[in-house]
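The block underneath contains the structure these notes are about, expressed in structure tokens.
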């Protein structure tokens, strides 16, 4: 994709997050890898008012072109994911309601449903808390994403990455759906968890599931 198309994809994804309720109003942020850095939503601007020129660029060394919009306050976290995970081509960070509620419990989401494996493992971890916009939070997010494609952020929200911005957004929706399902199950009782051996089988099946090699979600 051209830089112009990538900038529009960032805006379209951010608007889709807001419209769906995945990340209300100006919360959350979206980025895509580009060149020696990444393009990311600007801080403090309504998504619906964004133009391609408003999307900010951040180099992997943290430098930013003069005269552009200020990037999201969470640019450290996006950069940390790109630097740690070469397969990450896009990052979506959302303040989705059920993910936020469970993140406030500071607990991992266990293997209550086989679809937990969509995040890459037998659990969806909850990364340790740190103040928003800090390098400490970036480090915590990377730790929470170890061998995973998504995790919760304690008292904050969720973060996902994927091979495309569309795939990252789809994963963020899946994580929010799983959070909602887990929350509902816990209202009734203690969910019966799938055993590690079963989750290993599911994870292996997911590796070859769907249309492979198209750059989209599984």
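Bear in mind these aren't lab numbers, they're just calculated from the coordinates by the rules spelled out. Every value quoted in this text rests on a predicted model; they were computed, and no experiment measured them. Reconstructed Cβ throughout: ideal geometry from the backbone, glycine too, with neighbour counts over all protein chains shown.
The relative contact order of the chain, computed from alpha carbon pairs under 8 Å that lie at least 6 residues apart in sequence, is 20 percent. Viscosity 1.306 mPa s, temperature 10 °C: give me the Stokes-Einstein translational D for the stretch 110-162 in µm²/s, with Rh taken as the Kirkwood radius over C-alpha pairs. After rounding, the answer is 143 µm²/s.
Pairwise Cα separations in the chain fall into 5 Å bins from 0 onward with the following percentages, short to long: 1, 8, 15, 20, 20, 16, 10, 5, 2, 1, 0. Between the stretch 38-106 and the stretch 120-191, the C-alpha centres lie 16 angstrom from each other. Of all the options 110, 97, 65, the one that moves most in a Gaussian network model of the chain with Cα springs shorter than 10 angstrom is 65. Taking other C-beta atoms within 10 Å as the exposure proxy, 105, 171 rank 105, 171 from fewest upward. Listed by Cβ neighbour count within 10 Å, with the fewest neighbours leading, 203, 109, 11 appear as 203, 11, 109.
Springs between Cα atoms under 10 Å define the GNM used for the chain, and in it the highest mean-square fluctuation of 186, 69, 125 occurs at 186.
Computed over the chain with a Gaussian network model linking Cα atoms closer than 10 Å, the most mobile of 18, 195, 107 is 195. Per residue, the convex hull spanned by the Cα atoms of the stretch 20-78 measures out at 87 cubic angstrom.
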